[in-house]
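J.: Let me give you the structure first, and then I'll get to my questions.
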Amino acid sequence: MSRAGASQVKKEDRLFSLILALVSSREGLTKSDILQTVRGYSDVYDFNVNSALDKMFERDKSELRSMGVVIDTLELAEEEGETHNIRYSISRNNYDLPDTIRFTPEELTLLNVAATAWQEASLSADSRHALTKIKSLGISANDPLIGVAPHIRTDDVAFEVIEDALQNELILRFSYLKPGQSQPQTRTAAPLAMLNWRGQWYVLAHDLDADAQRTFLLRRIVSAPQRIPQRTFPRIPASYAQQLEQELVERSLANKATITVISGSDAEVRLSSLLDVSISGTKLTFGYSDLELLAEELASYGDEVNIASPEELKVAVQRRFQAVLLAHSESGL
Amino acid sequence: MSVSRPRLEAADRVTLLMSFVPYLLDQGPVSVDQIAEHFDISTTEVSGLVQLLALSGLPGGDGLYQHQDLFDINWDLFEEEQIVELWNHVAVDATPKFSSREAAALVAGLQYISGIIPDSDKSVLQALLAKIAEGASAHPENILISAAPVPVDLEIIRDAVRTDKSITFSYLNSRSERLDRAVDPIRLDLVGQTWYLRGWCHARSALRTFRLDRMNNLALSGEPRVSTLTDADLPAELFDVSATDIEVIFLVNKKALPFLSPYKPRVVASVSDDEVTVAVGFADMGAVPRFVMQLPGAITVQSPPEARELVISWAKRSQRTDTP
């Protein structure tokens, strides 16, 4: 292999070479071992100035982590504090998918459908990578009887930023328009989970001003969230998304609304297909997690819906019609 | 096979390189065509990646790569017959674990579509979710989508496809009329929380999209399928975006703009620091009140006057309905 034109080593070549070198080394490699020997670094290594190479190595490490490849760092007790002696390695235990995890063609068929749900988000690349790994086990999907094309909406402006903050433990500042309020507030929060529940994206976050967990609706984040520079908020690993889902389920068990709908209307069709609705003729009773949010949804059906209870819901819906009438009477014409 | 494949990035290629190793070890000699089909990438990509793999390996202490520390393939077989046979591998031989994001993307996607799994197979789903979480190198990222409920029995639709029959149902259209339909089912689409069936409508002799929650009395018909259209023949858009679009101009408070992005509004003019006018296309004027209700008071119809009148009378009517 000629190594003329050294710096032309492609990124995928460098990253794969780095994986191989770190997996095979028993005691780990120091950064200078890596920069001097691994293809893609060694070609451009310079004994005097390597700050650019250093940065590239840092980026590569985090890129490998985002591919699921965990790099361990080892520091010998007697060398503590001497960062140039930190050794890097990849353990087979962390790298290898356990032998017990295998997939059937039927499971792969389901996973193929699941992966397409993310077509417009950056998560589509991640689901594709996961499928590639599963396919390396040699299985092929069955032909499904009928095609299924799922499409989860991720077109909220804040989606990608929040998702990135989730992954990198970042803190964000954004304007939030609370349901039922007319002016947005500035919030500073560290996202813990994103949950799409009944068609709405929720963000569970640690609110730094309140020093407590708060739930936000993604589409009510009305400014592009800004990262607070140089700061992170370390998360304690937990199933925050499941916790939030559980909380919403419990809240909707505790709060019940009763409405009547016009027979054959869009409102009847849509609201009757809710998960926990009980139907008696045109009278529907169902649970809700947030009064303002429900008011927003019911108001959009206009006169197809008549609210029986609770009273606060009726008031909240009325307020919305008044706001529309006021806006349309003021602005001239 | 997917019609258009995304261009491969470095991360895609590294994942493929890691995955080729266990696959080639498991398969023995395998053609470039077969690899391309299995991983759903082009044969050109496969050839490029195989050549890169064959030259990859472990560095010696002096930064030089020695033959015995490299992957190796049967080059003659590769060059003459486009068949890949792995002769030597180093360092790795197993499928790599999933990243926390990869695991989360699959787990959330699975949970979202879980309505298509028959109730009798729900334990399969739980086992599959557990396997993916266990196969991740870090705790799966906290992203979840609750299941979208399926309002009809999908087994009837699957039976129809299996036996080449059509289905019948009574359908409530958007004008509140209920009509009986005979349809050849082609594909299920899930958008947000709403399931749709796309199929060939016998009465109209045309492709139609039906909401599952507007169907009643779904049954397998004795009639055979009449259409030979498949999944691949369907247009990407769920509904016809016809030329008869009605354009409505709104005055919008800037804080409401993020709400409107799914409607792809066109900003017409900036009116003040807080307000802009935008143009949005509608297939049906009846949808304008619901659009305005996304943020009541912050979205005002400017023109046409009919749309403005419609919103005002709609709001007045709605207000009366709810007055105790």
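The values are calculated or read from the model by the stated rules, or taken from the named source; none is laboratory data. Quantities reported herein were computed from a predicted structural model and do not represent experimental measurements. Neighbour counts are summed over all protein chains in view; Cβ atoms, including those assigned to glycine, are modelled from backbone coordinates with ideal geometry.
J.: I'd like to know if the range A:238-249 contains one or more residues that are at pLDDT 90 or above, acidic (Asp, Glu) and out of contact with any helix residue (DSSP H, G or I) (no Cβ under 6 Å at 6 or more places or on another chain).
T.: Within the range A:238-249, one or more residues are at pLDDT 90 or above, acidic (Asp, Glu) and out of contact with any helix residue (DSSP H, G or I) (no Cβ under 6 Å at 6 or more places or on another chain).
J.: Testing A:VAL317 on (1) buried (at least 19 other Cβ atoms within 10 Å of the Cβ); (2) touching a residue at least 24 places away in the same chain (Cβ under 8 Å); (3) within 27 Å of A:THR186 (Cα to Cα); (4) out of contact with any Gly (no Cβ under 8 Å at 6 or more places or on another chain), one condition comes back false. Which one is that?
T.: The single condition A:VAL317 does not satisfy is (2).
J.: Which count do you get for residues in the range B:53-71 that are surrounded by 19 or more Cβ atoms within 10 Å (Cβ to Cβ) and outside any strand (DSSP E or B)? Can you show your working first?
T.: Residues of the range B:53-71 that are surrounded by 19 or more Cβ atoms within 10 Å (Cβ to Cβ), as a first pass: B:53-54, B:56-59, B:65, B:71.
Next cut, outside any strand (DSSP E or B) only: B:53-54, B:56, B:71.
Qualifying residue count for the region: 4.
J.: Does the range B:196-203 contain at least one residue that is charged (D, E, K, R), without any contact (Cβ under 8 Å) to a residue 24 or more places away in the chain, in contact with a Leu (Cβ under 8 Å, 6 or more places away or on another chain) and surrounded by 14 or more Cβ atoms within 10 Å (Cβ to Cβ)?
T.: Keep residues of the range B:196-203 that are charged (D, E, K, R), which gives B:198.
Those left that are additionally without any contact (Cβ under 8 Å) to a residue 24 or more places away in the chain: none.
No, the range B:196-203 contains no residue that is charged (D, E, K, R), without any contact (Cβ under 8 Å) to a residue 24 or more places away in the chain, in contact with a Leu (Cβ under 8 Å, 6 or more places away or on another chain) and surrounded by 14 or more Cβ atoms within 10 Å (Cβ to Cβ).
J.: Which members of the range B:120-145 meet the condition of being of a type in the set (Ser, Thr, Tyr) and at pLDDT below 90?
T.: Filtering the range B:120-145 down to residues of a type in the set (Ser, Thr, Tyr) leaves B:120, B:123, B:137.
Correct list: B:SER120, B:SER123.
J.: Further question: Does A:VAL157 satisfy being in contact with a strand residue (DSSP E or B) (Cβ under 8 Å, 6 or more places away or on another chain) and part of a helix (DSSP H, G or I)?
T.: Working: in contact with a strand residue (DSSP E or B) (Cβ under 8 Å, 6 or more places away or on another chain): yes; part of a helix (DSSP H, G or I): no.
For A:VAL157, the condition - in contact with a strand residue (DSSP E or B) (Cβ under 8 Å, 6 or more places away or on another chain) and part of a helix (DSSP H, G or I) - is not met.
J.: Return the residues of the range B:72-100 that are part of a loop (DSSP other than H, G, I, E, B) and within 22 Å of A:ASN94 (Cα to Cα); say none if nothing qualifies. I'd like the intermediate steps shown before the answer.
T.: As a first pass, look at the range B:72-100 and keep what is part of a loop (DSSP other than H, G, I, E, B): B:74, B:82, B:85, B:89-95, B:97, B:99.
Listed by number, the residues that qualify are B:HIS89, B:VAL90, B:ALA91, B:VAL92, B:ASP93, B:ALA94, B:THR95, B:LYS97, B:SER99.
J.: Here is a list: B:SER221, B:SER270. Which entry is in contact with a strand residue (DSSP E or B) (Cβ under 7 Å, 6 or more places away or on another chain), closer than 24 Å to B:THR168 by Cα and either more than 9 Å from chain A (Cβ to nearest Cβ) or modelled with pLDDT under 90 (or both)? Give the steps one after another, and end with the answer.
T.: Working: B:SER270 fails: closer than 24 Å to B:THR168 by Cα.
Within the list B:SER221, B:SER270, the selection yields B:SER221.
J.: Being more than 7 Å from chain A (Cβ to nearest Cβ) and either outside any helix (DSSP H, G or I) or touching a Lys or Arg at 6+ places or on another chain (Cβ under 8 Å) (or both) is the filter; apply it to the range B:19-44 and report the residue that is surrounded by the most Cβ atoms within 10 Å (Cβ to Cβ).
T.: B:ILE41
J.: Then there is this: Among the residues of the range A:226-271, how many are in a loop (DSSP other than H, G, I, E, B), within 11 Å of chain B (Cβ to nearest Cβ) and not small (Gly, Ala, Ser)? Don't jump to the end; show me each part of the working.
T.: We begin by selecting, within the range A:226-271, every residue in a loop (DSSP other than H, G, I, E, B); these are A:233-239, A:255, A:262-265.
Within this subset, residues satisfying the condition of being within 11 Å of chain B (Cβ to nearest Cβ) are A:235-239, A:262-265.
Pick out the ones that are also not small (Gly, Ala, Ser) and you get A:235-237, A:262.
Residues flagged as in a loop (DSSP other than H, G, I, E, B), within 11 Å of chain B (Cβ to nearest Cβ) and not small (Gly, Ala, Ser) within the range A:226-271 amount to 4.
For every residue, the table says whether it meets (1) among the aliphatic types (A, V, I, L, M); (2) assigned to a loop (DSSP other than H, G, I, E, B); (3) more than 7 Å from chain B (Cβ to nearest Cβ).
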residue: A:ILE279; (1), (2), (3): yes, no, yes
residue: A:SER289; (1), (2), (3): no, yes, yes
residue: A:ARG319; (1), (2), (3): no, no, yes
residue: A:ALA323; (1), (2), (3): yes, no, no
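For (1) outside any helix (DSSP H, G or I); (2) of a type in the set (Asp, Glu); (3) in contact (Cβ under 8 Å) with a residue 40 or more places away in the chain; (4) within 7 Å of chain B (Cβ to nearest Cβ), each residue gets a yes or a no:
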| residue | (1), (2), (3), (4) |
| --- | --- |
| A:ASN94 | no, no, no, yes |
| A:PHE103 | yes, no, no, no |
| A:LEU111 | no, no, no, yes |
| A:ALA114 | no, no, no, yes |
| A:LEU145 | yes, no, no, yes |
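J.: Let me ask another. Criterion first (charged (D, E, K, R) and at the interface with chain A (Cβ under 10 Å from one of its Cβ atoms)) does B:GLU79 satisfy it? Spell out the reasoning first.
T.: Working: charged (D, E, K, R): yes; at the interface with chain A (Cβ under 10 Å from one of its Cβ atoms): no.
No; evaluated as a whole, the condition is false for this residue.
J.: Also: If I ask for residues that are under 20 Å from the mean Cα position of the chain (by Cα) and either among the hydrophobic types (A, V, I, L, M, F, W, C) or more than 8 Å from chain A (Cβ to nearest Cβ) (or both), which ones from the range B:133-154 would you list?
T.: B:ILE143, B:LEU144, B:ILE145, B:ALA147, B:ALA148, B:VAL150, B:LEU154
J.: Inspect the range A:201-214 for any residue being at the interface with another protein chain (Cβ under 10 Å from one of its Cβ atoms) and modelled with pLDDT under 90 and give the result as yes or no.
T.: Within the range A:201-214, not a single residue is at the interface with another protein chain (Cβ under 10 Å from one of its Cβ atoms) and modelled with pLDDT under 90.
J.: Only one of (1) in contact (Cβ under 8 Å) with a residue 24 or more places away in the chain; (2) in contact with a His (Cβ under 9 Å, 6 or more places away or on another chain); (3) in a strand (DSSP E or B) is not met by A:GLN213, so which one is it?
T.: (1)
J.: In addition: Looking for something at the interface with chain B (Cβ under 9 Å from one of its Cβ atoms), under 19 Å from B:LEU55 (Cα atoms) and surrounded by fewer than 18 Cβ atoms within 10 Å (Cβ to Cβ) - is there at least one such residue anywhere in the range A:55-66? If you could, list the steps in order and put the result at the bottom.
T.: Here is the first cut: in the range A:55-66, the ones at the interface with chain B (Cβ under 9 Å from one of its Cβ atoms) are A:63-66.
From the residues that got through so far, the ones that are under 19 Å from B:LEU55 (Cα atoms) too are none.
Checking the range A:55-66: not a single residue is at the interface with chain B (Cβ under 9 Å from one of its Cβ atoms), under 19 Å from B:LEU55 (Cα atoms) and surrounded by fewer than 18 Cβ atoms within 10 Å (Cβ to Cβ).
J.: With closer than 11 Å to A:THR258 by Cβ and outside any helix (DSSP H, G or I) as the only criterion, which of A:LEU284, A:LEU313 stands out? It would help to see each step written out before you state the result.
T.: Numbers: A:LEU313 fails: outside any helix (DSSP H, G or I).
Of A:LEU284, A:LEU313, the one residue that is closer than 11 Å to A:THR258 by Cβ and outside any helix (DSSP H, G or I) is A:LEU284.
J.: Can you go through B:VAL161, B:VAL183 and tell me which one is surrounded by 14 or more Cβ atoms within 10 Å (Cβ to Cβ), at pLDDT 95 or above and within 16 Å of B:PRO224 (Cβ to Cβ)? Spell out how you get there, then give the answer.
T.: On the way: B:VAL161 fails: at pLDDT 95 or above.
After applying the criteria, what remains is B:VAL183.
J.: Tell me which residues, restricted to the range B:302-324, are more than 7 Å from every other protein chain (Cβ to nearest Cβ) and in contact with a strand residue (DSSP E or B) (Cβ under 6 Å, 6 or more places away or on another chain).
T.: Listed by number, the residues that qualify are B:GLN302, B:SER303, B:ALA307.
J.: Which number in (1) modelled with pLDDT of 95 or more; (2) under 30 Å from the mean Cα position of the chain (by Cα); (3) more than 7 Å from chain A (Cβ to nearest Cβ) marks the one condition that B:PRO96 misses?
T.: Of the numbered conditions (1) modelled with pLDDT of 95 or more; (2) under 30 Å from the mean Cα position of the chain (by Cα); (3) more than 7 Å from chain A (Cβ to nearest Cβ), the odd one out for B:PRO96 is (3).
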